[in-house]
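Heads up, the thing below is written out as structure tokens.
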Amino acid sequence: MPHSTVTPETVFRARPASPEDSVFSFGEPAPRLSEQEQYKRLIDAEAGKQGLPLAHLADRLEIARPRLHKVIRKKVALKDDLRDRLFEALDIDCVRAKFCVTFLHDHTAYDDPEVFLICEAMKGFYCEILTRRRGEIQVTLRPPIIHEALGRAYDMLLSHQERVMEHDRTLQA
């Protein structure tokens, strides 16, 4: 069956990223990093991109500098509440981070534009799951309301496009 080989890994990384990832490489495959280790690497990479040393990040979160260093760079466990606080401090999208780590097993895919688009589409579903787990009641929008809103947005876009084209014609004349 041709679809049995379709996995998140094959869809988002159709060719090996490096010769070490190749199917034809010799030796033992590299061990897969744990979810915690992938979250740590994602947090460390995002802090590096923002030019924010771990010490400054620890100060911002009001935790001890050595503690954060041990959690991120050593083998101390990264607890969920600290992970979420770090995500918030670094503006890491938790849905996209969890998608990359949990489904793709690749924290480096966080910046991939395709992953961004998929995660934006999944956010509504993910938020609904979270609210139901908390026992909150959330009123869902009815399909006719959604279709009406989309129709109005489409009409506004078309009328704006007509105005732009009219202005272009008057400027060229």
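Every number in this text was worked out from the coordinates using simple rules, so none of it is lab data. Remember, predicted model here, so these are calculated numbers, not experimental data. Because the Cβ atoms are built from the backbone with ideal geometry, glycine has one as well, and the counts that use them run over all protein chains shown.
For the pair Lys49 and Asp155, label points projected 7 Å from Cα toward Cβ lie 4.0 nm apart. Assuming charge only on the beta carbon of Lys and Arg (+1) and of Asp and Glu (-1), the dipole of the range 50-104 about its Cα centre is about 420 debye to the nearest 20. Label reach from Glu37 (point 7 Å along Cα→C-beta): in the range 64-92, amide nitrogens under 15 Å belong to 72-78. Note on His147 and Lys79: the model spin-label points, each 7 Å out from Cα along the C-beta direction, lie 5.0 nm apart.
Ranked from highest to lowest mean number of other Cβ atoms within 10 Å per residue, what is the order of the peptides 98-110, 56-68, 155-167? Walk me through the intermediate numbers first.
On the way: 98-110: 18.8, 56-68: 14.5, 155-167: 10.0.
The packing order, highest mean first, is 98-110, 56-68, 155-167.
Have a look at Cys119, Phe99, His69 and report the one farthest towards the positive end of the charge dipole of the range 64-127, computed about the Cα centre with Cβ charges (Lys/Arg +1, Asp/Glu -1). The one lying farthest along the dipole's positive direction is His69.
Normalised by the number of residues in the range 47-173, the average gap of Cα pairs under 8 Å and 6 or more apart makes the relative contact order 11 percent.
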